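Single-structure report; data block below.
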Amino acid sequence: MRIRVWGCRGSLAAPGADTLRYGGNTSCVEVRGDRGEALVLDAGTGMRPLGVAMSGDGAARIDILLSHLHLDHLQGLGFFRPLFDPDREIHIWGPSSPVQSLADRISTYLSPPLFPVRLADIPAHLEFHDAPEEPMTIGSLTVRASLVTHQGPTVGYRIEEQGRSMVYLPDHEPGLGLGLSGRPVEWVSGYNLAHRTDLLLHDAQYGDGEYPHHIGWGHSAIAHVVDFARMAEVERLLLFHHDPYHTDDELELMVTDAQRCWGLESSRVQAACEGMTVTFAAEGVSIDPAGGG
């Protein structure tokens, strides 16, 4: 299994000179299985360059796993080139709703006046599914989903292959309410999904000094992220969903804070950046911030 980060910014795209190191595109992560399976986690603005890269590859089927339908996780969908290829089969997964189907909710965005092309006019073969309550297989990959603490129906995903796993929790507030130190483990949202994963991509939008002003907004403080990852016995942590107001230099300081919180094994904590690749193998997980081509 191999992953590549195409967007790791939260809330709003933030291009510019101050965000070059970590990137300004919103959430989008590509996952490739050993048999060539193509999964895409979220459809933020990072999906546009991903679509350009995928327009010439041989993946006849693409599965898009949406964590939720906030605009920063959906904004790139209409610019994803494979959607306009009639030979592609694209499956879109997302949190269920008792009120509207996933297709109806997405069509609210992919229709005038918000977007010029209607969902019904997309030439690719589209299928829509509620995020699975039970583990499902896509080729050699096993996918699980679970509801997490964030406004509106929001899910996280766990993807496994050949004994290795990664977990994607881009919008998650595990410290809400009583705080991690006062809550039994089984009460903490997302714990069962993240438990003993090799790699966790987790919301880290706020510094510890910022979080008290944003309690209940659905995002995490650095200390809460690290507490959650250590409690879940995570092997490697990638800070994700960077605040659009945070510059590269500010993110560097947040990484330092997270590593200090983690302690002696601080090398296990990094921040996600655009172009970063992660390769899973029997001997372990390797992370290349430069992407490795």
For the chain, modelled as a GNM with alpha-carbon contacts under 10 angstrom, which of Q270, Q259, Q100 fluctuates the most?
Q100
Per-residue HN-Hα couplings for segment 81-97, Karplus 6.51 cos²θ - 1.76 cosθ + 1.60 at θ = phi - 60°, whole Hz, x for Gly and Pro?
3, x, 4, 9, 10, x, 8, 8, 10, 10, 9, 10, 10, x, x, 7, 9
Distance in nm between label sites at A124 and R35, each 7 Å beyond Cα in the beta-carbon direction?
2.0
Computed on Cα atoms, Rg of the chain relative to 2.2 N^0.38 Å comes out at 0.94
Give me the distance between the Cα centres of segment 1-72 and segment 90-154, rounded to whole Å.
15
So how strong a dipole does the chain carry about its Cα centre when Lys and Arg Cβ are +1 and Asp and Glu Cβ are -1, to the nearest 20 debye?
260
Could you work out how far apart the two model spin labels at Q100 and R2 are, taking each label as a point 7 Å from the Cα in the direction of the beta carbon, and quote it in nm?
3.8
Mind listing the phi-derived Karplus ³J(HN,Hα) values for segment 251-259, rounded to whole Hz, using 6.51, -1.76 and 1.60 with θ = phi - 60°, and x for any glycine or proline?
5, 4, 5, 5, 4, 4, 4, 5, 5
Could you pull out the longest piece of the chain with no exposed loop GluC sites (Glu not before Pro) in it, calling a site exposed if DSSP puts it outside H, G, I, E, B and it has at most 13 other Cβ atoms within 10 Å?
1-132
Estimated [θ] at 222 nm from DSSP helical runs (n ≥ 4, -39500 (n - 2.57)) normalised by residues in the chain, nearest 500:
-4500 deg cm²/dmol
Test of understanding: given the chain, find the longest segment containing no trypsin sites (Lys or Arg not before Pro) that are in a DSSP loop and have at most 10 other Cβ atoms within 10 Å.
36-195
Quote the FRET efficiency, to the nearest 0.05, computed for H213 versus L12 with a Förster distance R0 of 22 Å and r equal to the Cβ-Cβ distance.
0.80
Distance (nanometres) between label positions extended 7 Å along Cα→Cβ at A290 and Q162
2.6
E274's amide H: which non-local residues (gap 5+, or another chain) put their own amide H closer than 5 Å, with H modeled 1.01 Å from N in plane and none for Pro or chain starts?
G23
Using a Gaussian network model of the chain whose springs link C-alpha atoms within less than 10 Å, name the residue from H213, H195, H242 with the highest mean-square fluctuation.
H213
Chymotrypsin sites (Phe, Trp or Tyr not before Pro) in segment 215-293 lying in a DSSP loop, each with at most 16 other Cβ atoms within 10 Å of its Cβ, come to W217, Y245
For every other residue with a beta carbon closer than 15 angstrom to the beta carbon of P112, add +1 if it is Lys or Arg and -1 if Asp or Glu, then tell me the sum.
0
Apply the Debye scattering formula to segment 54-111, with a single equal point scatterer on each alpha-carbon and no solvent, then give log10 I(q)/I(0) at q = 0.17, 0.18, 0.25, 0.28 Å⁻¹.
-0.60, -0.67, -1.15, -1.31
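Here, each number is a calculation from the coordinates, and none is a lab measurement. Note that the structure is predicted; figures quoted are calculated from it, not measured. Virtual Cβ from ideal backbone geometry, glycine too; neighbours counted across all protein chains shown.
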